[in-house]
Each structure stands twice: as C-alpha cells, then as structure tokens.
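The structure under discussion appears below in the form of structure tokens.
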Amino acid sequence: MMSRIVMKFGGTSVADLEKIANAAQKVQQEVDNGHEVIVIVSAMSGKTNELVGWVKDSAPSGGLYDRAEYDAIVSSGENITSGLMAMRLQEMGIPARSWQGWQVPVQCTGHHENARIDAIPADNMNAAFKSGTKVCVVAGFQGIMADGRIATLGRGGSDTTAVAFAAAFEAERCDIYTDVDGIYTTDPRIVSNARKLNKISYEEMLELASLGAKVLQTRSVELARSYRVKLRVLSSFDEDISDKVGTLVCPEEEIMENLRIVKGVAYSRDEAKVTLLSVADRPGVAAAIFGPLADAGVNVDMIVQNISGEGRTDMTFSCPVDHVALAQEAMQKAKDAGDINFVELVKDTEVAKISIVGNGMRSQAGVASKMFQILADEGVNIRVITTSEIKISVLVDRKYMELAVRALHDAFELAQEA
Ligand code: ASP
Ligand code: MG
C-alpha cells in the first residue's frame, strides 16, 4: 500500500478560487512525493457564519429551530469547496474526486449540530484509491446519522474530520493547513514577541485548545491523542511544507527540549462570574444548583464555594457571558420551586480567564505562587482560581486581560528559546 497523508485546509486557505489553486499546489507536492492524499476542506471563510445566520433568521419566534435542518443547511459550505478543489486538481492532471460525508460514509451519533463520529468504514474510498484515484477530497465538518439525515460536528469540526480520517486510514501524518504558521506561546496579536513552538504535547495542546486558543477544535486533539495521530499545524501561505516548518503535536516523550515548565499562556475574553449569595450549607446544595444549570445548557467552568457562617455559604461559578441569562433564569426557577434558596444573584460580566499551561507543572512546585506574584506586581486582582495537573487559570477583570497575558508571557520568559 502507498503511504497516505491527510491534508486539511481551513476556511481562509480555500477562501476563493485563487486560494483553492494555491492549496491544490500543496496537494500536488505531496502527490509528487509519492503519497496518496486525503484532502479535508472547510467551507470558504465566512460561509458557515452566513449559513448559520440564515438559519437563525428563519427560526420561528422563540428562536427554536429544527436542528436536523440546521445541519442540512450549514453543512453545504463544505460541499462547494470539496467540489471546487477536486475540479482544480483534475485540471492539473491529478486523478481526484470529491466526497461528501454521507458518501464515504462518515457515520455519526449524538445530537444534530454537535454530532460525534462513530466510524468511518474505509471500503468505498479504498476502492477508489485502488482504481487509480490519487486524491480524495472530503467535505469536512459533516457526516450522516443512523437514520440517514445529514449531521455536522460542531463549529470548527473539520479539524476533527481530518484527524478521524488520519486514524481510519492509518495516515502517516495529518497536516492542518491554516493562516498561521503554527502554535504560539500565546496570541501574537496581543504579545508581539510570542514564539512559535516546534513541538507541543497532546496534553498541553488539549489544555490550550480548550482554554481558548482557537487554532484546533478541542475534540480533534483528543482524537489525535487517543489514536496517536501525528498532527501538524502549518501555514498554507508558506512555500516550504517540509518537516522543518509548523508545529508538531505529539507524545510528550518525543519532545527532547522539554525543559520549560510553562509552555503557553491562553486567554478567554468573554467570561462571566455569577455568585449566589447565602445559600443553605447542607448536603445536596451543589447538586441542586449545578443540576438545573447543566439542564439549561449553561457551560459552567470554574466553581468556588465559600463559607459565610451560620449554616450559609456563597457559591460562585463562571460561564460564558452568553450563558448568563440562561443561568439566571434556571436559578430563579429553582428558587421559585423551592429547590434552592439564595438571597441574591450577583453577576459580573466583565471578566476574562487567563491560564498558564505546561506539563512541567506536574513535578514543579511554586509555579502558582509565581503566577500570582506576577499579577500582583501589575496590580491585577484575581477573582477566582482553578488548577489542574498541568494548568492554572485565573479570572481577572477584562480590562486587565491583555496586560496580564503580556506580564505572564514576559515573566515566564516564553519569548526565549528554552
Ligand atoms: N466550516 C465549519 C465552521 O466554520 C467547520 C470548520 O471550518 O472547521 O465551523
Ligand atoms: Mg478551524
């Protein structure tokens, strides 16, 4: 069997016919290198937002819409780019064919709008390769439910399509082509001397992705870790696509220069903090609060419980700003039903979350206190703190977010080579 690779092109890399032609050049290089190639494409940048907008504008009052139809509509952007890419490759003399999710088939389960890939039977596409196809161009982000309806994988889902194909077809590599040349120590738009990492471990990438670094969909990194897919992020606008460029996401053991304790600083701008003042301090209270929040679809992140004395406690949690109204409604309902009892709900919608991430924190003490000292020196007040084995997150006032990111990036010397 010939060696296979997966190349995924994001929305900015297929934004118009010229960009598609540029991406096709990269595909040609890999075909010339002797690979069979599975190309995964996103919709042209902005297209999916437009389609989602049409769905929302057509929704009946109340805003609820049929999620299976959402998928039918919103998946269509990828149909266009997959066909255009296949045409372009054919034009260049490369035997290429487009594949929509249902044709492969990419079998999905779960809920429409946020489906999961269950299996990708390889027979159809293998037959195509066998009979001479060199490039299969797959519409990312989409699949088919057991009942035959079209599914989509959640925003950013074509990354997950790419990794799933790399796993299913035992690809040598999964290259994610985008408009940045790799994963950085922090967002270069905020910190001008942010440094590109040559390698980062799955675990660290997973934290960074879920903490708001938007280069890869979090689920794609989880999948890559489970199946040990060699995942690389690189720019589709650089000439060079050799091993020297981009950032490789790989097992921790493969990173020699793993001396640095903190690898990156991530942020998430639009967070909110909600506190329920004076709830009863008794068994079951947390369940009575967070159960209804989960049912209402509130994405709760950090949680802190304070004792305020005399059998009462304050409960604080954070969630996306967009979810505050939902949270408020759910808490009021639970209060009216007599399930919980709080004196007041206080919200702060002007906060941001900042996190530092690094595998080295597992074995190194003192990282948290250093982080807090750096923020203190800048006069940044910390509202809430949470930690995991390899990350520390704090909630701060949004107006200090950029200052805090810069200060941490500097003080942990992330701009310098390790
Ligand atoms: N086009 C989809 C989105 O914008 C999927 C993707 O690009 O990954 O979310
Ligand atoms: Mg993306």
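With neighbour counts taken as other beta-carbon atoms within 10 Å, the residues V245, V41 rank, fewest first, as V245, V41. Considering only alpha-carbon pairs that sit under 8 angstrom and 6 or more positions apart, the relative contact order computed for region 261-418 is 31 percent. From its DSSP helices (H runs of at least four residues, each -39,500 (n - 2.57)), the chain gives a residue-normalised ellipticity at 222 nm of -10000 deg cm²/dmol. Rounded to the nearest 20 debye, the dipole size of region 242-289 about its Cα centre is 300 debye, using +1 on the Cβ of Lys and Arg and -1 on the Cβ of Asp and Glu. Listed by chain and number, the lysines placed with their C-alpha closer than 22 angstrom to that of K391 are K196, K199, K214, K263, K273, K353, K370; residues fewer than eight positions away on the same chain are left out. Pairwise Cα distances in the chain exceed 32 Å for 44 percent of all pairs. Given the options D147, D179, D16, state which has the largest fluctuation in a GNM of the chain using a 10 Å cut-off (strictly under) for Cα springs. Of D147, D179, D16, the most mobile in the Gaussian network model is D147.
Here the gap between D16 and D322, fully extended at 0.36 nm per residue and compared with their Cα-Cα distance, gives a gain of 107.0 nm. Peptides 402-411, 197-206 ordered by packing proxy, namely the average of other Cβ atoms within 10 Å per residue, highest first: 197-206, 402-411. Which of the listed residues, I374, T349, L395, is farthest toward the dipole's positive end in region 287-418, when Lys, Arg count +1 and Asp, Glu count -1 at the beta-carbon? Among I374, T349, L395, the one farthest towards the positive end of the dipole of region 287-418 is I374. Residues considered: G83, G379, G11. Largest GNM mean-square fluctuation over the chain, using C-alpha springs under 10 Å, is found at G379. In region 1-144, the DSSP beta bridges split such that about 15 percent are antiparallel, to the nearest 5.
How big is the gap, in Å, between the Cα center of region 6-39 and the Cα center of region 250-295? Region 6-39 and region 250-295 have Cα centres spaced 38 Å from each other. Where Rh is the Kirkwood radius over the Cα pairs of region 213-310, the temperature 20 °C and the viscosity 1.002 mPa s, what D in µm²/s does Stokes-Einstein return? D, rounded to a whole number, is 116 µm²/s. Beta bridges from DSSP with both residues in the chain: antiparallel share about 60 percent, rounded to the nearest 5. Take each peptide in 54-64, 218-228, 367-377, count the other Cβ atoms within 10 Å of every residue, and average; sorted highest first, the result is 218-228, 367-377, 54-64.
Counting beta carbons within 10 Å around each of V31, V304 and listing the fewest first gives the order V304, V31. Spin-label model, D57 to E378: label points 7 Å out along the Cα-to-beta-carbon direction sit 4.0 nm apart. Under Stokes-Einstein, with the Kirkwood radius over Cα pairs as Rh, the value for region 93-212 at 10 °C and 1.306 mPa s is 98 µm²/s. The order of Y70, Y65, going from fewest to most other C-beta atoms within 10 Å of their C-beta, is Y65, Y70. With contacts taken as Cα pairs under 8 Å and at least 6 residues apart, the chain reaches a relative contact order of 13 percent. The dipole here belongs to region 51-183: it is taken about the Cα centre, uses +1 on the Cβ of Lys and Arg and -1 on the Cβ of Asp and Glu, and is about 240 debye.
We did not get these values from a lab; they are worked out from the coordinates using the rules stated. Bear in mind the structure is a predicted one, so any value in this text is a computation, not a measurement. Because the Cβ atoms are built from the backbone with ideal geometry, glycine has one as well, and the counts that use them run over all protein chains shown.
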